[in-house]
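Below: the structure, in structure tokens.
The numbers here are math on the coordinates, done by the rules we state, and not lab data. Bear in mind that the values here come from a model prediction, so they are computed numbers and not experimental data. We place every Cβ from the backbone using ideal geometry, glycine too, and count neighbours over all the protein chains shown.
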Amino acid sequence: MRIALIHNQFIRAGGMERYLFDLVNGFADAGHDVTVICYKVDAPPLLSDKCQTIRYDYALVPKPLRRYAFDRSVRKTLREHKFDLTIALPEIQNVDIAICGGTHRAYLSYLNLNPSQLDKAQIRLETKSYSTATTTVAHSPMLKEELEHLYQLPESQVKVIFPPTDTKTFHIASEPERSNYRKQYGIHENKTTILLCSTGHQRKGLVPLLVALTLLPSDQYELLIAGRQVDELSKPSAPKNARALGYVTNMAELYNAVDITALPALYEPFGLVAIESLQCGAPVILSSAVGAGALVSKEDGIILEQVTPQTIAGALANLRRHPRTVTPDFAATHGLALPDHIQALLNLHKQKNIR
């Protein structure tokens with residue numbers, strides 16, 4: 001089957017870019033002919049052995065207009081080429097499947113932001129994309145609710161399919177391996193080590209997490225922050241038992257080294273780091289605004305209904321006193337392996353839910 005995967009950038013970047021890589025690998029490994037349609041790509045081209053690339057050049061197009069230009073270009077390309085299945089990750093009209101990894105309306109609402117003209121333009125494109133797709137796939141039940149209430153999509157048009165987890169990379173390491181990883185990251189054996197993965201510290205809940213750390217004995221807890229530079233740690237009030245690791249290339253080792261992964265986010269449409277952590281055996285503390293929480297049981301971690309330093313500190317103390325035993329092979333138990341995800345998307349096609 002000829003499949004078109006549409007995203008504005010085919011590069012090593014955030015969560016949706018990683019998801020695009022997963023789709024390319026998954027569909028290609030299942031024997032399908034894959035084409036990626038984009039306007040920004042790494043050089044040399046990524047996954048060139050598994051897909052073709054159609055790329056547009058928008059160097060002369062102002063950035064605020066590129067979303068509109070991309071939408072027009074893609075629709076023209078889809079009219080000229082015969083694809084059996086079209087899947088769009090950003091705001092593209094008239095595709096078979098529109099993937100929703102987050103909605104801009106909800107993002108602005110959770111962060112109490114007033115929409116700018118650019119925000120309003122993005123919301124218009126989102127609305128057209130979701131309303132004209134034959135099927136819209138929401139990456140969590142939380143997103144399905146947003147699509148139905150904020151974008152007025154009929155319930156029958158929205159299907160929840162959780163994003164996949166790389167089970168080859170993320171798995172529970174042996175005890176000797178875990179011990180080596182803890183030494184590698186300088187982790188104290190007598191401390192409960194918490195991990196926060198973040199490129200957007202305000203949205204991910206870094207500030208209340210840092211304050212929570214000051215409410216706990218510093219000789220019993222430590223916080224590791226993987227991702228963007230952490231300016232907050234240079235402030236006099238910053239806890240001394242928190243340190244930044246910068247960008248980490250082997251996250252599986254880090255998940256296996258720590259005791260808990262925390263994501264007390266203001267808004268996180270899914271939160272793949274939570275699933276990757278659980279797949280490596282580390283329990284999680286999530287806010288109720290994290291979509292992945294729909295998969296987390298009491299054995300896997302704690303969901304915070306309110307995010308305050310006090311509730312975070314209480315959850316950390318709870319997990320130190322009562323360690324959790326995470327569901328073995330979490331991804332397989334919940335159908336989150338990549339082949340499962342690819343089959344779920346293909347089933348939408350087979351069931352004629354898409355044209």
If I model a spin label as a point 7 Å beyond the Cα along the Cα-Cβ vector, how far apart are those points for Val61 and Leu113 in nm? 2.2 nm
Using only the alpha-carbon atoms, how far is helix 141-150 inclined from the longest principal axis of the chain? Give it as 0 to 90 degrees, nearest 10. 50 degrees
Quick calc: nm separation of the 7 Å Cα→Cβ label points for Gln52 and Glu145 -> 4.3 nm
In nanometres, what is the gap between the two model label sites at Arg203 and Lys235, each 7 Å from Cα along Cα-to-Cβ? 2.0 nm
For the chain, set up a GNM with springs between Cα atoms under 10 Å and report which of Lys120, Lys240, Lys168 has the largest fluctuation. Lys168
Grab the other residues whose beta carbon is less than 12 angstrom from that of Pro339, score K and R as +1, D and E as -1, and report the net. -3
In whole Hz, the Karplus estimates of ³J(HN,Hα) for segment 201-217 (6.51, -1.76, 1.60; θ = phi - 60°; x where Gly or Pro) are 4, 5, 5, 7, x, 4, 4, x, 5, 5, 5, 4, 4, 6, 8, 10, x
Positive minus negative residues near His201 (Lys, Arg vs Asp, Glu; Cβ under 15 Å): +2
Which ³J(HN,Hα) values in Hz, rounded to whole numbers, follow from the phi angles of segment 89-102 under the Karplus curve 6.51 cos²θ - 1.76 cosθ + 1.60, where θ = phi - 60° and Gly and Pro get x? 8, x, 8, 10, 7, 6, 9, 6, 10, 9, 8, 10, x, x
Longest principal axis of the chain (C-alpha) makes with the long axis of helix 338-350 (C-alpha) an angle, in degrees to the nearest 10, of 30 degrees
For segment 156-162, just list the computed ³J(HN,Hα) in residue order, Karplus coefficients 6.51, -1.76 and 1.60, θ = phi - 60°, integers in Hz, with x standing in for Gly and Pro. 5, 8, 9, 10, 8, 9, 5
Going down the table (Lys191/Lys298; Lys120/Lys204; Lys40/Lys350), which pairs top 30 Å between alpha carbons? Lys40/Lys350
Relative contact order (%) - segment 227-355, alpha-carbon pairs under 8 angstrom, separation at least six: 18 percent
Segment 1-143: relative contact order as a whole-number percent, Cα under 8 Å and 6+ apart: 23 percent
If we count every other residue with Cβ under 13 angstrom of Ala106's Cβ, Lys/Arg +1 and Asp/Glu -1, where does the sum land? -3
Compare the peptides 269-279, 297-307 by average per-residue count of other Cβ atoms within 10 angstrom and give them in order, highest first. 269-279, 297-307
Can you list residues whose amide H is under 5 Å from Phe10's amide H, if they're 5+ apart or on another chain and H is modeled 1.01 Å from N? Tyr39, Lys40, Val41, Asp42
How large is the helix-only mean residue ellipticity at 222 nm for the chain, computed as the sum of -39500 (n - 2.57) over DSSP H runs with n ≥ 4, divided by its residue count, in deg cm²/dmol to the nearest 500? -11000 deg cm²/dmol
Any lysines whose Cα falls less than 20 Å from that of Lys168, other than same-chain ones fewer than 8 residues away, would be Lys50
How far, in degrees from 0 to 90, does helix 63-80 lean away from the longest principal axis of the Cα atoms of the chain, to the nearest 10? 50 degrees
May I ask you to derive the FRET efficiency for Met1 and Tyr247 from their Cβ-Cβ distance with R0 = 45 Å, giving the value to the nearest 0.05? 0.80
So which aspartates and glutamates pass the test for Lys82, namely a Cα distance under 18 Å, with those fewer than 8 places away in the same chain ruled out? Asp33, Asp71, Asp96
Residue of Arg105, Arg243, Arg79 that the Gaussian network model of the chain assigns the largest fluctuation, springs spanning Cα pairs under 10 Å: Arg79
